[in-house]
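The next block holds one structure in the form of structure tokens; read it before the comments.
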Amino acid sequence: QVQLVESGGGLVQAGGSLRLSCAASGTVFRIYAMGWYRQAPGKQRELVATITLGGSTTYADSVKGRFTISRDNAKNAVYLQMNSLKSEDTAVYYCKFRLRVRWVDSESDYWGQGTQVTVSS
């Protein structure tokens with residue numbers, strides 16, 4: 001059974017930094033794309049950043065230059081370094097992996113449980 005376990009959320013003042021982590025537990029054949037999404041109260045979940053198996057990254061315009069996504073393939077983990085945080089970054093952050101559990105399986109999306117990030121102004 002594969003689960004994604006997130007950590008690193010919390011309360012921070014505007015201008016501060018946080019680092020989110022997300023790792024897959026259990027045996028996984030291969031993890032392809034990894035990503036971070038967020039959902040603020042009353043809003044739809046939105047893409048924050050993605051990183052491919054080869055290391056190519058994409059970012060939402062609202063976080064470019066402030067957030068950095070990275071991955072550690074040996075640890076089946078993805079990270080989100082968030083700097084210069086703003087009140088509008090307040091949301092529940094979710095990680096998502098597209099992975100194949102066994103080589104015979106098709107690719108599937110797995111989500112983390114979410115971690116709260118609150119930025120006080």
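The values are calculated or read from the model by the stated rules, or taken from the named source; none is laboratory data. Not measured: the values here are computed from a predicted model. Because the Cβ atoms are built from the backbone with ideal geometry, glycine has one as well, and the counts that use them run over all protein chains shown. Ligands, DNA and RNA are excluded from the accessible area calculation, which covers all protein heavy atoms including side chains. Shrake-Rupley method; radii C 1.70, N 1.55, O 1.52, S 1.80 Å.
Please give the net charge around GLU88, taking every other residue with its beta carbon less than 13 angstrom from that of GLU88, where Lys and Arg add +1 and Asp and Glu add -1. Value of the local net charge: +1. Computed over the chain, the quotient of the alpha carbon radius of gyration and 2.2 N^0.38 Å is 1.04. Which value, in Å², gives the accessible area per residue of the chain when a 1.4 Å probe is used on the protein heavy atoms? On a per-residue basis, the chain sits at 54 Å².
Summing Lys and Arg as +1 and Asp and Glu as -1 over all other residues whose Cβ lies under 11 Å from the Cβ of VAL78 gives a net charge of +1.
Fully extending the segment from SER106 to GLN1 would add 36.3 nm, taking 0.36 nm per residue of separation and subtracting the current Cα-Cα distance. A 1.4 Å probe, protein heavy atoms only, puts the accessible area of ASP105 near 40 Å². The ratio of the alpha-carbon radius of gyration of segment 1-45 to the globular-protein estimate 2.2 N^0.38 Å is 1.49. Report, ordered by chain and residue number, the aspartates and glutamates lying within cross-link reach of LYS86, taken as a straight Cα distance under 18 Å and ignoring same-chain residues fewer than 8 apart. Of all the aspartates and glutamates, those that pass the test against LYS86 - Cα under 18 Å, at least 8 places apart if same chain - are GLU46, ASP61.
Which value, in debye to the nearest 20, describes the size of the charge dipole of the chain about its Cα centre when Lys and Arg Cβ atoms bear +1, Asp and Glu Cβ atoms bear -1, and nothing else is charged?
140 debye
Spacing of the modelled spin labels on LEU53 and SER87, each 7 Å from Cα toward Cβ, amounts to 4.4 nm.
When the accessible area of the chain is split by element with a 1.4 Å probe, what percent falls to carbon and sulfur?
Roughly 47 percent of what the probe reaches on the chain is carbon or sulfur.
In terms of its Cα atoms, segment 17-72 spans 36, 24, 20 Å along the principal axes, sorted from long to short. Spin-label pair ASP61-SER120: with each label point 7 Å from Cα along the Cα-Cβ axis, the two points sit 3.2 nm from one another.
Straight-distance candidates among the lysines for linking to LYS75, with alpha-carbon spacing under 28 Å and chain neighbours fewer than 8 residues away dropped: LYS64, LYS96.
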